[in-house]
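Comments concern the structure below.
The values are calculated or read from the model by the stated rules, or taken from the named source; none is laboratory data. Since we're looking at a predicted model, the values are computed, not measured. Ideal geometry is used to build each Cβ from the backbone, glycine not excepted, and the neighbour counts take in all protein chains shown. With ligands, DNA and RNA removed, areas are computed over all heavy atoms of the protein, side chains included. Shrake-Rupley method; radii C 1.70, N 1.55, O 1.52, S 1.80 Å.
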Amino acid sequence: SSLEDDYAGPADLLSRTNVVLLHLKQKNWRRMMTAQAFEIDCAQGNFRFANAGHCFPYLVAADGASARSLEIIGFPLGSASKKAYEECSGKLEPGMTLVCYSDGIVEAVNSQDEVFGYSRFERLLVDAWSEDLEVYWQNIMAEYNRWAVNQDDDLTFLLARIEGGGE
């Protein structure tokens with residue numbers, strides 16, 4: 001049987017990936033990694049999400065007025081923990097933005113050696129908001145560039161939005 005035949009969702013995908021990495025560790029592979037898995041129904045906006053130690057993604061309201069994190073904790077892939085990955089579900093309403101990112105922005109340091117941090121990032125997601133996803137991303141990056149003394153970590157973003165009202 002193939003993975004597709006018995007796929008049970010994002011938490012299952014992370015669990016299976018962890019098994020592969022644990023097998024590699026037995027062959028002297030000494031790494032762990034964070035990851036997230038989403039399953040999104042693009043027609044209806046319903047989603048399921050599981051997290052393997054990565055930064056909590058955010059859902060930004062359709063008008064940009066608020067941002068809330070999806071706080072699902074899970075151990076990084078390659079961990080020997082026996083705890084199962086948890087899964088949450090929700091709905092991306094038309095115009096809402098899903099923001100996934102790496103920790104490079106929240107760990108960025110300014111010239112006074114202050115860390116950007118999660119609370120500042122959450123405010124930025126509201127302040128930088130634009131109906132245009134490209135402009136939204138550019139606004140986020142502009143603030144990062146104003147803040148960060150230098151880039152010493154990766155910066156990865158994924159912004160996703162379901163357009164329209166289901167017409």
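What the table shows:
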item: Qualifying residue in the stretch 36-52 (condition: of a type outside the set (V, I, T) and over 30 Å from E163 (Cβ atoms)); result: no
item: Pair list, Cβ under 6 Å, 6 or more apart: the stretch 136-158 residue over 15 Å from Y58 (Cβ atoms), other residue loosely packed, with under 14 Cβ neighbours inside 10 Å; result: W147/N110; V149/S111
item: Strands (runs of 3 or more DSSP E) (entirely within the stretch 1-105) containing at least 1 residues that are open to solvent by 50 Å² or more (accessible area, probe 1.4 Å); result: 35-40, 46-52, 67-69, 87-91
item: Any hit, the stretch 11-32, residues being touching a Cys at 6+ places or on another chain (Cβ under 9 Å) and aromatic (F, W, Y); result: no
item: Close pairs from the stretch 68-86: first farther than 13 Å from S15 by Cβ and at pLDDT 90 or above, partner buried (at least 17 other Cβ atoms within 10 Å of the Cβ) and among the β-branched types (V, I, T), Cβ under 9 Å, at least 6 apart; result: R68/V60
item: Restricting the stretch 135-155 to residues that are hydrophobic (A, V, I, L, M, F, W, C) and out of contact with any Ser or Thr (no Cβ under 6 Å at 6 or more places or on another chain), the residue that is most open to solvent (accessible area, probe 1.4 Å); result: W137
item: So L133, is it aliphatic (A, V, I, L, M) and in contact (Cβ under 8 Å) with a residue 60 or more places away in the chain; result: no
